[in-house]
Structures are given as structure tokens and as C-alpha cells.
Amino acid sequence: MFRKSLALALIAAAACPSSASAEEKALRALPVDPSEITPEGKANPAVPAAPVTPPQPAAEITPLPLGTVKVPLPKTGIKTDAPDIANLPTGEEAVRLQIFLDQSNFGPGVIDGKPGRFTVQAVDSWNEVHGYAPGDLGPVLEAARKAVPHPFATATVPEIAGKWINTGLTHNRAQQANAKQMSYRSVAEFMSERFHTDVEFLLEINGSKNTWSVKPGTGSLIVPNVKPFLLESITGKRYEADPKMSERHAVVDTKKNQVRIFEGAPPALLVDEDETVSDKPILIKAKVKPNAALVASFPITPGKPQFIHLGVWKLNNSVELPVWRFDKSLLETGKRSNEALNIPPGPNSPVGIIWNGLSKPGIGLHGTSDPETIGRARSAGCIRLANWDAIRIPTLIRPGATVELR
């Protein structure tokens, strides 16, 4: 994973288990029941809770004129997961489309100017709401051009970044349990997640020297001109039931790697049918009606089958900055031990910056330490989303909402 390989270059002394080891598999595993998450910060007394930082103004963002940023084209001959749809945009147009979908709560995954299957799925979700056919790019591209005139901007690295960066953060769980918080390992990591992209894309549009030389409070980087994910605004609060959002229905599709959120149960697809009767068979021309019940959709990574229980459950809790209980024995053998560790909160926690637990013990929708792997690397755990998507869950559904895993 890019973050972890990056950390090795930054931290020569960091200990990291081999990819084939049982320990590494355990590191990516998630708790097996809700007691493994201590959402109210009831961690080991020896481990201080993550500091609550007051909300800060967004980084100074200056939109850039069109054509200022050269976006590398996708490499030819490289296997892609994008469906076979003609005229997928490239360059600034692709970044604009991804930003527009992201801001419309139809997550395209990492904003990187390389539309893949998650961008296409997001287009289809947007089309479904507005009554356009799947794969039709015309309407959404037109809407994106109006809503996102400047796909790129320069953003100052905020001073608050310094409080959330620890270049010496280890991958060793025992040492992590003694850390203050699970911070980012670099400014580049902080800025990439803040602007819904990855370090690789920042390197492509800023160059290696500029990307690695910026400092909090002084430097700036070119970023996608998206509403930033403000880690400093997350305080560790617990979200309660809501009359409207608790009545909503979420469908987690473990085959498409997507969660879709609806107003109530998802309705049947409605179509208008025009029949032509002649000496030939009846011809039916179907026109999709807008599905206003679809509220949002985001890419996910589901856990392995033995950790995922298909069915219909309730959202039980929604808590920011969870503490994660790491019990290696439990994850490897199914038996609890007295040697569990409490891993402190932070963006590089295995459960990210929020836990949304279901009524099925051990299952939840949560963030991740590796957003670039969403949908592309199956974990041993629950349902992972990028942190910038996961934090939106309580703005869309609340405890009491129905969550269907299929």
C-alpha cells in the first residue's frame, strides 16, 4: 500500500511485518464485536486520549485558471477496472467530473483524473437520481462544467497539520498503543486526504521536490479544488438518532463494492413504456424515471466472507475518533486473551476516524488508513470507506437506520 511503502522511505528505523506474515493479516483485521471498539475513549489508562483540537479555518485555497495544471494521461496498456464506456474524460475534465460527483455525495473514489469503475458507478448513481440512462455521460459532464469551473487550486498547508503529523509513527501495534494518536506520517499524506486524493496524484501534479518540501503554515500545493476534509473539526462526538435520517435505508453491495443510501426502502425501478402494435412483435421503449429516493453512494471495501454476515441490520452507533482494541490471539485463533492493546484514535487507525456499528456484532462501516486501496484490496474486517466518505455517514443516516448487507 502506498502509505505504508512511503513510510518505509521516511522512517528507516520503523518495524513493519512482512506481507506474508500472520501478524500483518491481523493488523488489517477488525473487531469481532462492538466491545472491541471503545467509542467513548475508554482506552488503557496509560494511553492518553487523542487531543480535541478546535475547528480551524479551511486552508487558504486559490482556484487556478484552466490549463494551468498538466494532468498526466492514463498510461496505455495498463489494465483498468473501468467499464467499457466510450468517451470517458481525461485530464482536467476527468478531475472536474470526479469533484462534481464527490460533492454531490456520489463518491468516485480517489480524485486522480483517472476515472475507473467507481467513477462510472457514481455517474450511474447520479443518472439514476436525475432520470438518465446508465453510462450516459452527457448530462453529468454538462452539470459538472457549470458547477466546477476550476478543477484545481493551490492550497496552503495549514498550521494545524503539524499537530496531526508524526513522521516516526511505527507500524508495530505494541508501540502504537503507546502513541499519542494515530497521525499522518507526512504533510503529503495530510494534504492528499484533505483534498480527497492520494499522494501519488499530488506527486504527479506538484513534482517530488515540491511535494516533500512543504511545511505546515508556510508551503502550498496544487490540489483538486474540492471541499476539504477538515480533520481538525472532528471532536470525538457520538451521533444520536434523527427523525429523518434514522428512517433511511442503506444497501451495502459486497459484489459492486458500493454502499447506497435511500430515503426509506429502495423503490422499484419505474419506467414509462411506449407500445407499438403492428404485424411485428410489440416494441417497448423504456424511459427511466428519476429516483429521488437515492440519497448517496460511496465505494467500499467489504471484509472477507467469514467476517461479513449478509442480512438486514440496524445502525446501532456512530462515533468519531474510536479507540480500537487489538487482540492478536482473538484475530488469529478466535480466542480472547489478556494481552489486547488499545490503539489510539487518528486518521491512520485501522478503523479510520469514525465507527458506525451495526446491530450484528463486529460489523460496522468505518474509515481506513489506506484510502487508495478502497475497493481494490479486501481486508479481514468490516466495511471500509475513505475517511472523507466515512465522516459523511452520520450526515446521511443515524442510529436506527436499516443497513442491508447483500
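The values are calculated or read from the model by the stated rules, or taken from the named source; none is laboratory data. As the structure is a prediction and not an experimental result, all values here were calculated from the model. Here the Cβ is made from the backbone with ideal geometry for all residues, glycine too, and neighbour counts use every protein chain on show. Ligands, DNA and RNA are stripped out before the accessible areas are found, and what is left, the full protein with its side chains, is counted by its heavy atoms. Shrake-Rupley method; radii C 1.70, N 1.55, O 1.52, S 1.80 Å.
Here is how the numbers come out for the structure above:
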quantity: Matching residues in region 386-406 - criterion: being farther than 15 Å from residue 234 by Cβ and in contact with a Ser or Thr (Cβ under 9 Å, 6 or more places away or on another chain); calculated: 397, 398, 399, 400, 401, 403, 405, 406
quantity: Those residues of region 92-117 which are open to solvent by less than 10 Å² (accessible area, probe 1.4 Å) and in a helix (DSSP H, G or I), in sequence order; calculated: 94, 95, 97, 98, 99, 101, 102
quantity: Residue count for region 362-406, restricted to those that are among the β-branched types (Val, Ile, Thr) and at pLDDT below 95; calculated: 5
quantity: Residues satisfying the stated conditions in region 128-149, i.e. part of a loop (DSSP other than H, G, I, E, B) and under 22 Å from the mean Cα position of the chain (by Cα); calculated: 148
quantity: Search result, residues across region 170-186 that are surrounded by 23 or more Cβ atoms within 10 Å (Cβ to Cβ) and hydrophobic (A, V, I, L, M, F, W, C); calculated: 182
quantity: Number of positions in region 130-144 that are within 20 Å of residue 225 (Cα to Cα) and in contact with a helix residue (DSSP H, G or I) (Cβ under 7 Å, 6 or more places away or on another chain); calculated: 4
quantity: Some residue of region 219-241 being at pLDDT below 95, over 30 Å from residue 338 (Cα atoms), in contact with a helix residue (DSSP H, G or I) (Cβ under 8 Å, 6 or more places away or on another chain) and open to solvent by 60 Å² or more (accessible area, probe 1.4 Å); calculated: no
quantity: Residue in region 183-226 that is nearest to residue 322 (Cα to Cα), counting only those that are touching an Asp or Glu at 6+ places or on another chain (Cβ under 7 Å) and part of a loop (DSSP other than H, G, I, E, B); calculated: 196
quantity: Looking only at region 54-66, and only at residues there that are modelled with pLDDT of 70 or more and open to solvent by 60 Å² or more (accessible area, probe 1.4 Å), the one that is farthest from residue 163 (Cα to Cα); calculated: 66
quantity: The one condition in (1) surrounded by fewer than 21 Cβ atoms within 10 Å (Cβ to Cβ); (2) out of contact with any Gly (no Cβ under 9 Å at 6 or more places or on another chain); (3) over 16 Å from residue 63 (Cα atoms) that residue 150 fails to fulfil; calculated: (3)
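Yes/no per residue for (1) surrounded by 22 or more Cβ atoms within 10 Å (Cβ to Cβ); (2) hydrophobic (A, V, I, L, M, F, W, C); (3) within 23 Å of the chain's Cα centre (by Cα):
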site: 159; (1), (2), (3): no, no, no
site: 188; (1), (2), (3): yes, yes, yes
site: 194; (1), (2), (3): yes, no, yes
site: 198; (1), (2), (3): yes, no, yes
site: 202; (1), (2), (3): yes, yes, yes
